[in-house]
Every structure is written in C-alpha cells, then in structure tokens.
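The values are calculated or read from the model by the stated rules, or taken from the named source; none is laboratory data. Quick caveat: nothing in here was measured; it's all calculated off a predicted structure. Using ideal geometry, Cβ is built from the backbone for each residue, glycine included, and neighbour counts are taken over all protein chains shown. The area values use the complete protein model at the heavy-atom level, side chains included, leaving out ligands, DNA and RNA. Shrake-Rupley method; radii C 1.70, N 1.55, O 1.52, S 1.80 Å.
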Amino acid sequence: MSAPIGLHDLTKQVEETTCCVVGGGPAGAMLALLLARQGVEVTLLEAHRDFERDFRGDTLHASAMEILDEIGLADRLLGLRHAKVRHFTVPTKGGAFTFDLFAGLRTKFPYIVVMAQSRFLEFITEEAKRYPNFRLVMGGRVEELLEEDGVVRGVRYRGRDGWHEVHATLTVGADGRFSKVRKLAGFEPIKTSSPIDVLWFRISRREDDPKEALAARVGSGLFLVFINRFDYWQVGCTIVKGSYKEVRAAGLGRLRRSLARVAPEWADRFDELKETKQIPVLSVEVSRLKRWHKPGLLLIGDAAHVMSPVGGVGINYAIQDAVVAAGVVGEKLRTRTPVREQDLAEVQRRRELPTRVIQTFQSLAQRGVARGVLSSEDERAFAVPRFVLPLLKSPRLLAIPARFLSFGLRPPRVETGKEIATRAEDDSSFELPPKMRRKNN
Ligand SMILES: Cc1cc2nc3c(=O)[nH]c(=O)nc-3n(C[C@H](O)[C@H](O)[C@H](O)COP(=O)(O)OP(=O)(O)OC[C@H]3O[C@@H](n4cnc5c(N)ncnc54)[C@H](O)[C@@H]3O)c2cc1C
C-alpha cells in the first residue's frame, strides 16, 4: 500500500535524506556504504534488530572480494573469522576425487571465503558508520511507500517507538526475496519453477569433525551441504520439491536415520533434531522482475531477482548490483542532480543479463541436483559422469567454470572519483546544483 506524505497522525518523526535504502542485507548494506563513501546522505533501514538470522548464505566469491579490495576493505575483512574453500570432493565410480576448483583462476582471491553473513554485514555497516552522512536504523520495518504525483518520495516504517517517515530523493528496495517494497510498488515477479526445496537446520560441531569449511554428501534421496560456522554446522538438505509433507509424515526418526546413512561422520549429531520446528523448510525460488524501477524507486538484489542457493552466488550478485547502482546514481545524488527514471533503467540494463544468465545456470543445476537426489533414492552411490573427470583434472579447463562462478558475466568495478567525474561531464543531464553553478559562473 502506498500513502501520501503526512497521512499518519501517529507518525512520530519525519526525517529527510537523499537516499533511503530498505533492507540491510548484502545489497542494501553495500549500497549504503558505497553511497556514504561518495558523500551521499543515506539512511539504511533494517527490519531486524540485529544481523543474526538463520536463512542466510555465507559465501563470498572472488568478485565480492575484489570489490572489497578496491575500496580497501578486503584485508581487514580477512582478519575476521573465516575459512577459505579451494578444494571440492566429488564421488566418482572409482571413488572420491578432490580437485582445486580455482587453481587456474587469475585473481588475488582464488577461493571462496566462508564467513558468517552476520559478521560480514556488521563489518560493512560499521565501516559505513565512519561517515557522518550515513544513518542506520535497526528494527525499522518499512510498511508503506510515500508517493506524490506517481513518484516515490520515501517510506513509512514502524520502529521500536512507533511510526516514522523518511523522505528521500531516491528509495532503494533491497529487502530480499519477500520484498515488501516490491509488493508495495505493485511489481509482480516472473517465477521459474524449481524442482527442489531445502531443509535448513543446525547441528553442533566437535573438534574431531571433518575440517572442511563446506562439505557435501548425496544419498537416500537427500543432498546435504554442511557449512562450517565454527561453533556449529549449518546444514542445507535438498529434497525434491513438494516431498516435505512425505518427509514429515514419515517422522523425524526416519529423517534422522536417512541423514545418518548419507553422512555417517555426523550420525550422532542428528539426534539433536527432536522437533520439526528445528528444521524449517525453504521453498527454493528463482524469479525476476521485468522492471526494477519506477520514478523515485529502484529495486536491487533478491528484491529484483530472487536467487536460488545453488552455487552460493546470491550475495555476490547482490553486491554487484549495489556497485552498479552506486556508480550510476551516486554522483547525481551527491550533487542533488535529479535522478531520472532512465538512470534507474540503466542499472537494470547493466545487471539484467548477468543475472538472467546465472539464474538459467541455477535452474539447470537445480534440475541436475533433483535428478541426483532422485537417483540416490535406491541407495546406489551418486557419481559424477565419467566425461567430467578430465575437466576436473585440468586447471586451465576448470578456470572456465571457476571464472563463471566467481565473477559471472560483466563483473562491475567500483568507479574511482575520476571516472565518475568524467562520466558526469559526458552526461548532459548532469546539472550542477544551483549553488555550484553560481560558483562556476
Ligand atoms: C537458505 C539459503 C541459503 C543461501 N546460501 C547462499 C550462500 O551460501 N551464498 C550466497 O551467495 N547466497 C546464498 N543464498 C542467497 C542469498 O542469501 C541471497 O541471494 C542474498 O542474501 C540476497 O541479498 P539481498 O541483500 O538482496 O537480500 P537479503 O539478504 O534477503 O537481505 C534483505 C534484508 O532486508 C530486510 N528486510 C526485509 N523486509 C524489510 C522491510 N519491510 N523493512 C526493512 N528491512 C526489511 C531483511 O531483514 C534482510 O536483512 C542463500 C539463500 C538462502 C535462502
């Protein structure tokens, strides 16, 4: 629902800002930081009171690390607790085969960084707090868009102490897969059917557990991914879409036995799963918006294109969206030059193809996973096809999928001040604000 400005008598406070970013996930936090660095007044609204949440991925690929390196943060980030994943083990007919996926990849970061997303988001927002033009509101849940003459002028949110309004030149919806902003704007995503769902739960971790940061196991109709979160294991258990009812009807005891058969190293730990509420089911979705914008409003990250967990790339695409958005609108916002809808369309134009390509890959991979899960039902070992083995043994050949996974298509760079200034000169719509115009005349 959208509402005219000032409608709610109950509104406690009205704040003016230049850019209001809704959602403190990777897309929103990163965009807010990049804009703050550029000198833009930015308010970041996050519905939760902290960054600790269950449904979060933990992987940062080389593209995200290079972006962080460009703004001087990569080394400090790597000072936080994390693990690096280079090697993967796959079952083959001749036994397990381990390979270094990134051996042939040319980058300073030839690995996947596995880090609790909550730590990552804290790090990014702490960094943003160094800028006086940045404001973070935790526990601020956006419920309404403010619109005037068909232009979005900000949001109304419910905070701990009641209703607030933020008036903004640009509002960015970065509020994830269930985006409220998207709904309020009346945008309907185009959904691609997914053949899988994920059960998402934690089990405790012990010193003598496998040391990998990421481990996968397949069998008994399940595909398990274990993410080492140091204090515990986060487990993603892929099942065939719609089979959750059967899993539930068969009882937790049966699920625990199946899990223990597929991953015997953790067998005793599955006894910790005593209630179904410990095992939320995630309906895996891949969807995208036809249009990511309307006057005064831009959607980025999962709000614009919901990513499947397959490949663990959603965070990286969200960060890349933020980089492009900051590059396209940052300078205009800083100089208070009107942001036209075609600027917002430019963000979509640059990001849509890379997103659609990776989503197509995710859809195909999901089908492969579903087939693997189904074929593992009869307890025969799931094995990678024989023709794939030569690829896994060649760093040069592996560099092709590794590059695609790590960077995707057209990975963006953070523009330098000089590049932004040159682009502003080339863009005839870049009007200097009246104060600066007077100075220049
Ligand atoms: C189970 C699961 C596992 C995944 N694993 C990985 C992985 O390992 N690696 C990877 O790269 N990707 C993974 N993904 C995908 C990845 O999590 C998303 O693609 C990524 O988080 C998208 O980032 P975002 O910032 O767009 O949205 P989100 O991360 O969803 O962030 C949106 C933020 O907006 C806030 N919000 C929502 N509504 C409001 C509101 N009304 N007002 C204010 N704030 C609001 C939310 O609280 C949230 O903090 C996984 C996804 C799932 C579901």
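Return yes or no: is W163 modelled with pLDDT of 90 or more, farther than 22 Å from M307 by Cβ and not in a loop (DSSP other than H, G, I, E, B)?
Working: modelled with pLDDT of 90 or more: yes; farther than 22 Å from M307 by Cβ: yes; not in a loop (DSSP other than H, G, I, E, B): yes.
Taking the combined requirement at face value, the residue satisfies it.
Test F223 against the criterion of being among the aromatic types (F, W, Y) and surrounded by 18 or more Cβ atoms within 10 Å (Cβ to Cβ), and give yes or no. Steps first, please.
Values: among the aromatic types (F, W, Y): yes; surrounded by 18 or more Cβ atoms within 10 Å (Cβ to Cβ): yes.
Answer is yes for this residue.
Considering only the stretch 189-231, give the strands (runs of 3 or more DSSP E) lying wholly within it that have at least 2 residues that are farther than 20 Å from P91 by Cβ and touching a Cys at 6+ places or on another chain (Cβ under 7 Å).
196-204
How do the pairs read when you match residues in the stretch 382-405 that are within 15 Å of F99 (Cα to Cα) with residues anywhere that are modelled with pLDDT under 90 and among the aliphatic types (A, V, I, L, M), using Cβ under 6 Å and keeping only pairs 6 or more apart or on different chains?
Once the first residue is within 15 Å of F99 (Cα to Cα) and sits in the stretch 382-405, its partners that are modelled with pLDDT under 90 and among the aliphatic types (A, V, I, L, M) give V384/V90; L397/L391.
From the list E346, E285, pick out the single residue that is among the acidic types (D, E), within 28 Å of F404 (Cβ to Cβ), within 15 Å of the ligand (Cβ to nearest atom) and more than 11 Å from the chain's Cα centre (by Cα).
Checking each option against the conditions leaves just E285.
Filter the stretch 228-275 down to the residues that are in contact with a helix residue (DSSP H, G or I) (Cβ under 9 Å, 6 or more places away or on another chain), within 16 Å of the ligand (Cβ to nearest atom) and of a type outside the set (F, W, Y) and list them by number.
V235, C237, T238, I239, K241
May I ask you to list the residues in the stretch 54-68 that are surrounded by fewer than 15 Cβ atoms within 10 Å (Cβ to Cβ) and near the ligand (Cβ under 7 Å from one of its atoms)?
Within the stretch 54-68, just F55 meets the criteria.
Here is a check on your reading of the model: is T43 within 14 Å of the ligand (Cβ to nearest atom), open to solvent by less than 10 Å² (accessible area, probe 1.4 Å) and more than 19 Å from the chain's Cα centre (by Cα)?
Yes; evaluated as a whole, the condition is true for this residue.
Among the residues of the stretch 349-368, which ones are more than 13 Å from the ligand (Cβ to nearest atom) and at pLDDT 95 or above?
R349, R350, E352, L353, P354, R356, V357, listed by residue number.
Would you pick out the residues in the stretch 89-119 that are part of a strand (DSSP E or B), surrounded by 15 or more Cβ atoms within 10 Å (Cβ to Cβ) and of a type in the set (S, T, Y)?
T92
Can you work out which of the residues in the stretch 277-310 that are touching a helix residue (DSSP H, G or I) at 6+ places or on another chain (Cβ under 6 Å) and open to solvent by 20 Å² or more (accessible area, probe 1.4 Å) is farthest from W233 (Cα to Cα)?
P295
Could you tell me whether G253 is in a helix (DSSP H, G or I) and loosely packed, with under 15 Cβ neighbours inside 10 Å?
When the stated conditions are applied, G253 passes them.
Checking the conditions here, which among H48, H87 is under 26 Å from V235 (Cβ atoms), within 13 Å of the ligand (Cβ to nearest atom) and either more than 16 Å from the chain's Cα centre (by Cα) or basic (K, R) (or both)?
Going through H48, H87 in turn, the sole match is H48.
Which residues, counting only those in the stretch 69-88, are surrounded by 12 or more Cβ atoms within 10 Å (Cβ to Cβ) and not in a loop (DSSP other than H, G, I, E, B)?
Within the stretch 69-88, D69, E70, A74, L77, A83, K84, V85, H87, F88 meet the criteria.
Working carefully through the options R202, R160, R156, find the one that is of a type in the set (K, R), closer than 30 Å to V225 by Cβ and within 15 Å of the ligand (Cβ to nearest atom).
R202
Only one residue in G39, G79, G28, G57 is closer than 27 Å to F226 by Cβ and either among the aromatic types (F, W, Y) or in contact (Cβ under 8 Å) with a residue 12 or more places away in the chain (or both), so which one is that?
Checking each option against the conditions leaves just G57.
In this structure, is L298 touching a residue at least 40 places away in the same chain (Cβ under 8 Å) and within 16 Å of the chain's Cα centre (by Cα)?
Numbers: touching a residue at least 40 places away in the same chain (Cβ under 8 Å): yes; within 16 Å of the chain's Cα centre (by Cα): no.
The answer is no for L298.
Which condition from (1) under 31 Å from the mean Cα position of the chain (by Cα); (2) modelled with pLDDT of 65 or more is the one that E425 breaks?
So the condition that E425 fails would be (1).
Please identify the pairs in which a residue from the stretch 140-156 that is open to solvent by 10 Å² or more (accessible area, probe 1.4 Å) has its Cβ atom under 9 Å from the Cβ atom of a residue that is away from the ligand (no atom under 16 Å from the Cβ) and of a type in the set (S, T, Y), counting only partners at least 6 apart or on another chain.
As it stands, the answer is R153/T169, since those pairs meet every condition given.
Hey, among the residues in the stretch 166-180 that are part of a strand (DSSP E or B) and open to solvent by less than 20 Å² (accessible area, probe 1.4 Å), which one's nearest to L282 (Cα to Cα)?
Here is the first cut: in the stretch 166-180, the ones part of a strand (DSSP E or B) are 166-173.
Within this subset, residues satisfying the condition of being open to solvent by less than 20 Å² (accessible area, probe 1.4 Å) are 166, 168, 170-173.
Working: V166: 33, A168: 34, L170: 32, T171: 29, V172: 26, G173: 22 Å.
For the stretch 166-180, the residue satisfying everything is G173.
Which numbered condition in (1) modelled with pLDDT under 65; (2) closer than 28 Å to Q38 by Cβ; (3) surrounded by 12 or more Cβ atoms within 10 Å (Cβ to Cβ) is the only one that P434 fails?
Unmet for P434, out of (1) modelled with pLDDT under 65; (2) closer than 28 Å to Q38 by Cβ; (3) surrounded by 12 or more Cβ atoms within 10 Å (Cβ to Cβ): (3).
For the subset of the stretch 193-220 comprising residues that are aliphatic (A, V, I, L, M) and open to solvent by 30 Å² or more (accessible area, probe 1.4 Å), which member is farthest from V113 (Cα to Cα)?
In this case the residue turns out to be V218.
Given the structure, is I71 β-branched (V, I, T), more than 16 Å from the ligand (Cβ to nearest atom) and at pLDDT 95 or above?
So I71 passes the test.
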